[in-house]
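The values are calculated or read from the model by the stated rules, or taken from the named source; none is laboratory data. Remember, predicted model here, so these are calculated numbers, not experimental data. As a convention, Cβ positions derive from the backbone with ideal geometry for all residues, glycine included, and neighbour counts pool all protein chains shown. Heavy atoms of the whole protein, side chains included, go into the accessibility calculation; ligands, DNA and RNA do not. Shrake-Rupley method; radii C 1.70, N 1.55, O 1.52, S 1.80 Å.
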Amino acid sequence: MSPPRLFLIDAFGFIFRAYHARARSAAPAMRTRAGLSTEAVYIFHNMVRKLIAGHHPDYVAAVFESGSSFREQEYADYKANRPEAPPDLLEQIPWVRRMLESLQIPVIEHPGFEADDVIGTIARKAAETGAEVVIVSSDKDLMQLVSDRVSMLNPMKDDAWYDPAKVEEFLGVAPPLVADLLALKGDAVDNIPGAPGIGEKGARDLISRFGSVENLLDHAPEVERKMYRESLLNNRDKVLLSKRLATVDCSVPVEWKMEDFRARQPDPAALREIYKELEFFSLLKGVGGEETQTRDYSVLESEQTVAAYLATVPPDAPVAVAVRTAGEGALSLSSLGLAWKKGEGRAVPFSLLGPVRQLLEDGSRAKVAHDIKAVLLELADNGVEALGFTTDVMLYAFLLDADPSGCSLEHLVQRRFDRKLGNAPEEHADCALELAGVLGREIDEQGLRKVYDTIDLPLVPVLARMERTGIRIDPAALGALSSQMELEIERLTGEIHTLAGRLFNINSPQQLGKVLFEDLGLSAPQQRGKGKSVSTAADVLEELAAEHPIAAKVLEYRQLVKLKGTYVDALPALIRPETGRLHTSFNQAGAATGRLSSSNPNLQNIPIRTELGREIRAAFVPREGWRLIVADYSQIELRLLAHMSRDPVLVDAFRRGEDIHTRTAAEVFGVPPLMVTPELRRNAKAVNFGIIYGLSAFGLSAQLGIPRNEAQTYIQNYFERYAGVRKFIDQTIAEVRRTGLTRTLFGRRRPIPDIAGRNPNARGFAERTAVNTPLQGTAADLIKLAMIRIDHELESRRLQTRMLLQVHDELLFETPPEEVDEVSKLVKHEMENVHRLDVPLIVDIGSGPNWRDAK
């Protein structure tokens, strides 16, 4: 019968190695939404689970350090050269302990002794009882403990095993002489001095010849090599001290019993809890023993059962609502899901909606949903003007993670509860209710409640009204434009084929690449990946445009084809028959910066600086006899940069109402403002906006068509004149590196884990994101607040004007002629005074018969 095996884990050794291994890798840093670093915990956890699964120990314990030991008292410089542990590592230590507790692996330590001493003491005593001991460590010092019953396992080195023979092969001395070896050669990690001038090879040779250092010192005069002999004769006390420091003390008065270390199964409930707290959601699937909850779901099939269910709902209990649709358009509601207590949900068919109407339209009854706006719109299409929705699970999730891909109910249920979501609306309502409690607590813990209450939630009904209103387009104008574009596409096709010298499919990247790089012999970009086609992307064609006219023609062709297919031909088909209007969807959880996005169709990507883009906008018109009003923030992100950086030059320019690009040209290029040429102003504008987006000298040189060293000089001159901006950027990056996330002026947050990554490209992008997000996100928050206030004013003044679109920094309204002046003043006032900044907010406003001409 095999002897029982006890595994002793050198916990601190692996925690440190896990942390530094992750730090050296190119992988992004692991952090929770709250900014807690978790990589050391995660790697240590995986190492321990793999160890247990692979070796099935009978007994196991993790040994921890407990502060300073007797060695520091004997030698003050012991371990003095070790750098202090990084704060983000220290904060993980308690979580490692909790993880071990959840895995039911006992932790042992003893004051005044190092973990090595505790390991040595337990290993020796356990071996004396007949147990087989495995020391799990990568610390060579512990190899002195290896014997016929004590081995050492290093999981960080492909599970390398060390028995006495393997130790001698690896270190050159037998285990009982490891401390002697260290006493001679010293140990830089622990700052053990050793014998000056004697290195590892010399130490091995001397130990092999003389054995212990005591015997060596007694026979020092016999050592032939002068440097070694003199070192031994002159440093006897230092060598003996070094041996005492290097020797593991196996007489620690630690209390333990073998039975205390018996291997046990993890505690499923505790493990699930810590996985959730540390957001190791991918590990939840592997945890058994989850408390099985009986879920009570059913369909209410009569008015009597609906009424009876509603009577059970306490008047102060929030009710979760979910909708299930049967198709598109009005009267598409199939059934409604309701839930007011965890684990219970009811479905109400649309035909029985009557009894539920009072609950839905009661503004004093708090209600919960995933994507309130979608629920409000669906109910409104079915004749229910719902009120009282106060908790949006989707918006909670987005505020916490700023991850557009992680806000669906399916994703949240899978990630948070390790469940696969079914299709029943009653289940959706129940899950939304449970998520509301979990995520709501996190919203409060992360200081996001004010952002939710003052911006995100009040914006929901505003966007719902905008979507219901829709916008009118002129199909005839788009039809005429389509015909014109078709002729242009035919013309360009012919010109491209002529330049190529043959016919080919311009829309095929492979065929285009063959024409450009084989037939015409143009400079091909560096190819990435074996067997992949050479790129014909826009940036490649832009570089080739100087080399051959075909590249510019292809770019023009592509833009025409895209605009025609995406907008000119597609938009008329999206007009809703019952309203005669186009109804886009505004997504509050669509962009990590907090900006709104638009879909079905996306109306935020119509180019405004091209003639074709302006022609498409000309097809957006108000109702007959009305006008469109356009209000656009002027240079809002640069103004926010001035406010956040408090740069005196930038602040002064905006307070004086100067043209900021002219002022920057004067500052950067050293010329009086009156001598700033259009070209200098254009260059300064590129620098101004490039700073916001972290543009490099390489990018600026490509954009302006100037040498890279000249572009670098522009950027250096900018930061010399705008030193406050440089300081703001550096401080912002440092803070995000410390916390792992960035925030807008109003507290909206965005995790940026790659800021601490080792991959230079990913880290550089993360740094640019860290600087740009507070600016772009704050601009988004400002226009959202303005929309909420403008909507309120329009309602309270009983004006007919309706808000139609928001496109980044621009708002579009439809108004009767008699309200144009009043609404223009109202909108300008609310947008410019939405929040007090150190510099004025300026809004350009105009009106016209279509979107293009409303300037």
**Prompt:** Within the stretch 178-185, is there a residue that is open to solvent by 50 Å² or more (accessible area, probe 1.4 Å) and over 46 Å from the mean Cα position of the chain (by Cα)?
**Reply:** yes
Across the stretch 127-155, the tally of residues that are open to solvent by less than 10 Å² (accessible area, probe 1.4 Å), over 22 Å from Lys50 (Cβ atoms) and among the polar types (S, T, N, Q) stands at 0
Across the stretch 487-511, the tally of residues that are open to solvent by less than 70 Å² (accessible area, probe 1.4 Å), closer than 15 Å to Val561 by Cα, part of a helix (DSSP H, G or I) and not hydrophobic (A, V, I, L, M, F, W, C) stands at 4
Counting only helices (runs of 4 or more DSSP H) entirely within the stretch 63-140, those with at least 1 residues that are under 25 Å from Asp158 (Cα atoms) are 87-90, 93-102, 115-128
Check: Quick one: would you say Gly757 is under 13 Å from Ile691 (Cα atoms) and open to solvent by less than 50 Å² (accessible area, probe 1.4 Å)?
Finding: no
Of the residues in the stretch 661-688, those that are in a helix (DSSP H, G or I) and open to solvent by less than 70 Å² (accessible area, probe 1.4 Å) number 15
By residue number, the members of the stretch 628-660 that are out of contact with any helix residue (DSSP H, G or I) (no Cβ under 9 Å at 6 or more places or on another chain) and either open to solvent by less than 20 Å² (accessible area, probe 1.4 Å) or at positive phi (or both) are Leu628, Val630, Gly657
* Asked: Does Pro601 meet the test of being crowded, with 18+ Cβ neighbours inside 10 Å, under 23 Å from Met485 (Cα atoms) and at pLDDT below 95?
  -> yes
Selection from the stretch 87-118 of residues in contact (Cβ under 8 Å) with a residue 60 or more places away in the chain, under 26 Å from Thr247 (Cβ atoms) and either surrounded by fewer than 16 Cβ atoms within 10 Å (Cβ to Cβ) or β-branched (Val, Ile, Thr) (or both) yields Val107, Ile108, Val118
Checking Ala551, Ala524 in turn, the sole residue that is outside any helix (DSSP H, G or I) and under 23 Å from Arg502 (Cα atoms) turns out to be Ala524
A careful count of residues in the stretch 843-854 that are modelled with pLDDT of 95 or more and touching a Gly at 6+ places or on another chain (Cβ under 8 Å) gives 0
Item to check | Check on Phe398, touching a strand residue (DSSP E or B) at 6+ places or on another chain (Cβ under 6 Å), under 24 Å from Thr584 (Cα atoms) and either crowded, with 16+ Cβ neighbours inside 10 Å or not β-branched (Val, Ile, Thr) (or both) | outcome: no
Picked from the stretch 370-394 (must be closer than 17 Å to Val462 by Cβ and touching a His at 6+ places or on another chain (Cβ under 9 Å)), the residue surrounded by the most Cβ atoms within 10 Å (Cβ to Cβ) is Asp392
Among the residues of the stretch 802-834, the number that are open to solvent by 70 Å² or more (accessible area, probe 1.4 Å), touching a residue at least 60 places away in the same chain (Cβ under 8 Å) and not basic (Lys, Arg) is 1
Open item on the list: Can you confirm whether Arg595 is open to solvent by 10 Å² or more (accessible area, probe 1.4 Å) and either among the small types (Gly, Ala, Ser) or touching a strand residue (DSSP E or B) at 6+ places or on another chain (Cβ under 7 Å) (or both)?
Closed with: no
Per the filter on the stretch 536-564, residues farther than 30 Å from Ala619 by Cβ and open to solvent by 50 Å² or more (accessible area, probe 1.4 Å) are Asp539, Glu543, Ala546, Glu547, Pro549
When the stretch 697-720 is checked residue by residue, the ones that are surrounded by 15 or more Cβ atoms within 10 Å (Cβ to Cβ) and of a type in the set (A, V, I, L, M, F, W, C) are Ala697, Leu700, Ala702, Leu704, Ile706, Ala711, Ile715, Phe719
By residue number, the members of the stretch 447-472 that are in a helix (DSSP H, G or I), closer than 20 Å to Ala34 by Cβ and in contact (Cβ under 8 Å) with a residue 40 or more places away in the chain are Lys450, Val451, Tyr452, Asp456
